[in-house]
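Engineer: Here it is: the structure, laid out below.
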Amino acid sequence: MTQTWAAPSATEPVRATVAVPGSKSITNRALLLAALSERGGTLTGALRSRDSLLMIEALRALGVPVDDSGDVVVVAAHPGPRGPARVDCGLAGTVMRFVPPAAAIADGDIGFDGDPRARERPMSTVLDALRALGADIDGDALPFTLHGKGGLPGGAVTIDASASSQFVSGLLLAGARYEAGLTVHHDGKPVPSLPHIDMTVQMLRTAGVTVDDSEPNTWRVEPGPIAAHDWVVEPDLSNATPFLAAAAVTGGSVTVPDWPAHTTQPGDVFGEIAAGMGCTVTRDAAGLTVHGPGRLQGIDVDLHDVGELTPTVAALAVLADGPSVLRGIAHLRGHETDRLAALATEINALGGGATETEDGLAIRPMPMHAGRWHAYDDHRMATAGAIVGLAVPGIEVDDIATTAKTLPDFPSMWARMLGNQR
Ligand SMILES: O=C(O)C1=C[C@@H](OP(=O)(O)O)[C@@H](O)[C@H](O)C1
Ligand SMILES: C=C(OP(=O)(O)O)C(=O)O
């Protein structure tokens, strides 16, 4: 159900401490690894949102016992994924790209489908790779059916992962459970979001899997069991960025506690981006703090590795003093929506100056006016509208409920941050 939301404008500098829930990317990897470990595992600090519930339901459909009724999510010992099953991927890239490689070791027919937009998101690379590794699959996009044979030979496969790092991550997460393990070689334009592949490799190693990533564009996963692990999920640093942006836009100061000292999450880079736009950024025992400047500067930045941050950075760019260029993000056209088209359309409709380039956005700050900001079923479009609304009175986000994909409490967190929760 959609929900129109009057974005509150800030009448004074925002000063707040905002604790954000667990990382979507870490939660869904930890759930999947627990499902592939016959001894299960636990998650402390797991995200509870549409994307993580879709992952939990997908694993349950595959016979994996997941108990999410308490603070700690518990995946009990189990004999491994099994079919037949139906899996709803919603609009979650981590479900549609991570679950099929895991389901390929199950037996029985496993049908996958998702939201209408999910049927348009790039998927054939994973399905072709699984076929090359021995799987029997009907279809090249959602909906498709995997005819499980109770195991997969595995081996070596070459893919073009330039449209999404999730193609590589999905295969690697399950690769240890293939008979011959897995070698994935990427051949094509550079893979985006490489930190997310590093996250996959690190988490596999934590679960006792041997991974060789010493050669660029090639990843080798040795066959073997995946160990049970008690995962502690870091806060979602990408979801932290709209709150930090509120400080940047209003000349205030926002702290996100429990910011990890070392992390593979792309949101970590936001500190550098905010500093590049004139903010002062500090990291200390309190967490990461962004202090906004009197006037925000434009920025020329390559977001290829951290594409998830684009909607937040674009929202900051429209409110800056000078022009900005956001590069390296052509692959965002295949995200929850075509994010480049969506951002350019919404910014221009409200008087701003945004142009789509071949691989990103050029943004010229211009006075913006009140109006409707469309979210396109995209949680990060919705939060970008909230950021713009802090500085431009009268912005209405047409569907704030879409933030439930990764941050169901967004409206009340935003209100609390602004100190005006009703
Ligand atoms: O592996 C992951 O958890 C993710 C990888 C990235 O996908 P792309 O490489 O498709 O951008 C990122 O944008 C997405 O939000 C989460
Ligand atoms: C691209 C994103 O999500 P997904 O995991 O669905 O690809 C995102 O959260 O910005």
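The values are calculated or read from the model by the stated rules, or taken from the named source; none is laboratory data. Computed from a predicted structure; not experimentally measured. As a convention, Cβ positions derive from the backbone with ideal geometry for all residues, glycine included, and neighbour counts pool all protein chains shown.
Engineer: State whether one or more residues within the stretch 371-379 are among the basic types (K, R) and within 16 Å of ligand 1 (Cβ to nearest atom). Steps first, answer last, please.
Structural biologist: Within the stretch 371-379, the first condition is being among the basic types (K, R), and the residues that meet it are 372.
Okay, now just the ones that are also within 16 Å of ligand 1 (Cβ to nearest atom), so none.
Within the stretch 371-379 (the criterion being among the basic types (K, R) and within 16 Å of ligand 1 (Cβ to nearest atom)), the answer is no, since none of the residues qualifies.
Engineer: Could you grab the pairs with beta carbons closer than 7 Å, sequence gap of 6+ or different chains, first residue in the stretch 318-332 and on the phi > 0 side of the Ramachandran plot, second one of a type outside the set (A, V, I, L, M)?
Structural biologist: Matching pairs, first to second residue: G328/D302; G328/H304; G328/D359; G328/G360.
Engineer: Still on this structure, please answer the following. What residue, among those in the stretch 316-356 that are among the charged types (D, E, K, R) and part of a loop (DSSP other than H, G, I, E, B), is farthest from ligand 2 (Cβ to nearest atom)? Don't jump to the end; show me each part of the working.
Structural biologist: Initially, the stretch 316-356 is screened for residues among the charged types (D, E, K, R), giving 321, 327, 333, 336, 338-339, 346, 356.
Keeping just the survivors that are part of a loop (DSSP other than H, G, I, E, B) gives 321, 336, 338.
Values: D321: 27, E336: 6, D338: 12 Å.
Only one residue tops the list, namely D321.
Engineer: Right, another one. Exactly one condition in (1) farther than 23 Å from T264 by Cβ; (2) within 16 Å of ligand 1 (Cβ to nearest atom) is false for T145; which is it?
Structural biologist: It is condition (2) that T145 fails.
Engineer: Please state which one of A375, A386, A315 is outside the structural domain of R117 (by TED's automatic domain parsing) and farther than 30 Å from K189 by Cα.
Structural biologist: A386
Engineer: Quick test of your reading of the structure: D230 fulfils all but one of (1) under 29 Å from G334 (Cβ atoms); (2) part of a strand (DSSP E or B). Name the failing condition by number.
Structural biologist: (1)
Engineer: Restrict the check to the stretch 216-239 and report whether at least one residue is without any contact (Cβ under 8 Å) to a residue 40 or more places away in the chain, within 16 Å of ligand 1 (Cβ to nearest atom), surrounded by fewer than 21 Cβ atoms within 10 Å (Cβ to Cβ) and of a type in the set (D, E, K, R).
Structural biologist: Within the stretch 216-239, the subset without any contact (Cβ under 8 Å) to a residue 40 or more places away in the chain is 216-218, 220.
From what's left, within 16 Å of ligand 1 (Cβ to nearest atom): 217.
Of the ones still in play, those that are also surrounded by fewer than 21 Cβ atoms within 10 Å (Cβ to Cβ) are 217.
Still in the list and also of a type in the set (D, E, K, R): none.
So far as the stretch 216-239 goes, no, none of its residues is without any contact (Cβ under 8 Å) to a residue 40 or more places away in the chain, within 16 Å of ligand 1 (Cβ to nearest atom), surrounded by fewer than 21 Cβ atoms within 10 Å (Cβ to Cβ) and of a type in the set (D, E, K, R).
Engineer: Just to be sure, is L182 within 28 Å of R82 (Cβ to Cβ), crowded, with 18+ Cβ neighbours inside 10 Å and more than 18 Å from the chain's Cα centre (by Cα)? Can you show your working first?
Structural biologist: Details: within 28 Å of R82 (Cβ to Cβ): yes; crowded, with 18+ Cβ neighbours inside 10 Å: yes; more than 18 Å from the chain's Cα centre (by Cα): yes.
Yes: the conditions hold for L182.
Engineer: Out of the stretch 7-47, which residues are among the polar types (S, T, N, Q) and more than 16 Å from ligand 2 (Cβ to nearest atom)? Give the steps one after another, and end with the answer.
Structural biologist: To start, the set of residues in the stretch 7-47 that are among the polar types (S, T, N, Q) comprises 9, 11, 17, 23, 25, 27-28, 37, 42, 44.
Correct list: S9, T11, T17, S37, T42, T44.
Engineer: To continue, here is another question. Output the residues belonging to the stretch 376-398 that are part of a loop (DSSP other than H, G, I, E, B) and either surrounded by fewer than 21 Cβ atoms within 10 Å (Cβ to Cβ) or within 16 Å of ligand 2 (Cβ to nearest atom) (or both). Working first, answer last.
Structural biologist: Step one: list which residues in the stretch 376-398 are part of a loop (DSSP other than H, G, I, E, B), which gives 376-378, 392-394, 398.
Selection gives Y376, D377, D378, P393, G394, D398.
Engineer: From T264, T241, which residue is touching an Asp or Glu at 6+ places or on another chain (Cβ under 9 Å) and part of a helix (DSSP H, G or I)? I'd like the intermediate steps shown before the answer.
Structural biologist: Details: T264 fails: part of a helix (DSSP H, G or I).
Within the list T264, T241, the selection yields T241.
Results for (1) modelled with pLDDT under 95; (2) within 16 Å of ligand 2 (Cβ to nearest atom); (3) closer than 25 Å to I137 by Cβ, shown as yes or no for each residue.
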position: S49; (1), (2), (3): no, yes, no
position: L54; (1), (2), (3): no, yes, yes
position: V74; (1), (2), (3): no, no, no
position: I110; (1), (2), (3): no, no, yes
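Engineer: Restricting to the stretch 308-324, what's the tally of residues that are within 18 Å of F243 (Cα to Cα) and of a type outside the set (V, I, T)?
Structural biologist: Quick first cut of the stretch 308-324, residues within 18 Å of F243 (Cα to Cα) only: 308-320.
Imposing the further condition that a residue be of a type outside the set (V, I, T) reduces the set to 308-309, 311, 314-317, 319-320.
So the count comes out to 9.
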